[in-house]
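The values are calculated or read from the model by the stated rules, or taken from the named source; none is laboratory data. Not measured: the values here are computed from a predicted model. Every residue, glycine as well, gets a Cβ built from its backbone with ideal geometry; the counts of neighbours run over all protein chains shown.
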Amino acid sequence: MTVLELSELARSNGEWLRGTGPEADIVISSRIRLARNLADFPFISRATPADRTELDRCLRDKLLKLADHIQLNYVEVSKLPAVDRQFLVERQLISRELADAQGARGVAIDAREQVSVMVNEEDHLRIQVIHCGLDLEPAWEQINHLDDLIESHVTYAYHPRLGYLTACPTNVGTGMRVSVMLHLPALVLTRQIDKVFRSLQKIGLAVRGLYGEGTQAMGDFYQISNQVTLGRSEADLLKQVRDVVPTIIEYERKARDFLIRESRENLHDRVSRDYGILCSAHTISSEETMHLLSSVRMGVNLGLIRHLEIATLNKLFIHTQPAHLQKLTGTQLDTEHRNIERARYLRRHLGRDKEDEDLRESRGPAA
């Protein structure tokens, strides 16, 4: 995949955004990540630039040799401009750490954007599989198979007692991070969200923002994941997350039912106003857009807005991010012009601009 093809990727949607997976009204995605290192190379923190270059070359060649089993495109992240690196972060295909790192590094991506394999992040390999909705077991089966395929071509750093050796001690063992991205606007509105998160932290689960570790929640999206892998099996870690997520889903559903039952008109008014701003604004920030889209997404799921598809809203969450806007327009934009272009994009997909376009299409070509 070349830099130019990233512009084509910007116009499409990843499989995890389609909004049709299990419990997809609340669970945006299920993701499993494995941290792996090669036995023959020092950890990234101790690697020289030459080591990183050789690692990148070696792993790129090995990953592309998996073509009989999975077709991967390799992107040399080190050669991308900043906007393209940010685009891949927004797309959930690489981490901020890989985007901001130095030296040779890359990522292998499949056509459906379910699989991404980062090279030379904190560890030599960060293997990721992401599915739509609450779909942990199939995601685990897919990543376990991919991990075995990669291991058939390389030798992992592994200790008989400790397990897989990783740069961060919290990942030693399975090297596995299980995470579920949830949309929890009703728990935020009813001010129950902090109580839920305190309970999660007591049982060893971490709560992070839209882009994972070190990020804040935006648009009422939260990632729930395990914190420690040492001494825990893959089955244990899957069970830990799988057992608690249905409870959070139940809390969110009860909060939504409460809002509908106790203040339906106020909620409908709030959602309608938020939708109206998205449809008519001429300049709007990324943060405000996320907040308003969150409200409208809840309104669609509660039947307060009937003519929008969840897949459309999921797309807008991603396509209105700064790097996506610049890829879609093919132009570098400062903050002021991004806010103007974001509003124009929203109007085109949601508001008056879309209605005018639909009307023109229904009338046919001008005489």
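Annotations for the structure displayed:
- Flag if Leu149 is surrounded by fewer than 22 Cβ atoms within 10 Å (Cβ to Cβ), touching a Leu at 6+ places or on another chain (Cβ under 6 Å) and not charged (D, E, K, R): yes
- Matching residues in region 266-309 - criterion: being acidic (Asp, Glu) and modelled with pLDDT of 95 or more: Asp269, Asp274, Glu288
- Residue in region 221-230 that is touching a Lys or Arg at 6+ places or on another chain (Cβ under 6 Å) and buried (at least 20 other Cβ atoms within 10 Å of the Cβ) present: yes
- Residue in region 327-336 that is under 30 Å from Arg33 (Cα atoms) and either at pLDDT below 95 or part of a helix (DSSP H, G or I) (or both) present: yes
- Close pairs (6 angstrom Cβ cut-off, 6 or more residues apart or separate chains): surrounded by fewer than 19 Cβ atoms within 10 Å (Cβ to Cβ) in region 95-122, part of a strand (DSSP E or B) anywhere: Asp110/Leu72
- In this structure, Val180 does not qualify as at pLDDT below 95, within 23 Å of Gly19 (Cβ to Cβ) and part of a strand (DSSP E or B).
- Selection from region 168-191 of residues that are among the small types (Gly, Ala, Ser) and touching a Ser or Thr at 6+ places or on another chain (Cβ under 6 Å): Gly173, Gly175, Ser179
- Checked against (1) hydrophobic (A, V, I, L, M, F, W, C); (2) buried (at least 18 other Cβ atoms within 10 Å of the Cβ); (3) within 19 Å of Val188 (Cβ to Cβ), Leu237 passes all but a single condition, namely (3).
- The residue that is nearest to the chain's Cα centre (by Cα), counting only those in region 289-317 that are surrounded by fewer than 16 Cβ atoms within 10 Å (Cβ to Cβ) and charged (D, E, K, R), is Glu309.
- Selection count, region 1-40, where residues are at positive phi and either among the basic types (Lys, Arg) or without any contact (Cβ under 8 Å) to a residue 12 or more places away in the chain (or both): 0
- Whichever residue in region 267-288 is of a type in the set (A, V, I, L, M) and in a loop (DSSP other than H, G, I, E, B) and, among such residues, is nearest to the chain's Cα centre (by Cα): Ile284
- The residues in region 41-53 that are in contact (Cβ under 8 Å) with a residue 24 or more places away in the chain, surrounded by 12 or more Cβ atoms within 10 Å (Cβ to Cβ) and not hydrophobic (A, V, I, L, M, F, W, C) can be counted, and the count is 2.
- Applying a threshold of 6 Å to beta carbon distances and a minimum spacing of six or more residues, or different chains, the list of pairs starting in region 276-302 at a residue that is under 16 Å from Arg348 (Cβ atoms) and ending at one that is not in a helix (DSSP H, G or I) reads Cys279/Gly351; Ser280/Gly351; Thr289/Thr320.
- Gln142 being in a helix (DSSP H, G or I) and either among the charged types (D, E, K, R) or surrounded by 16 or more Cβ atoms within 10 Å (Cβ to Cβ) (or both): yes
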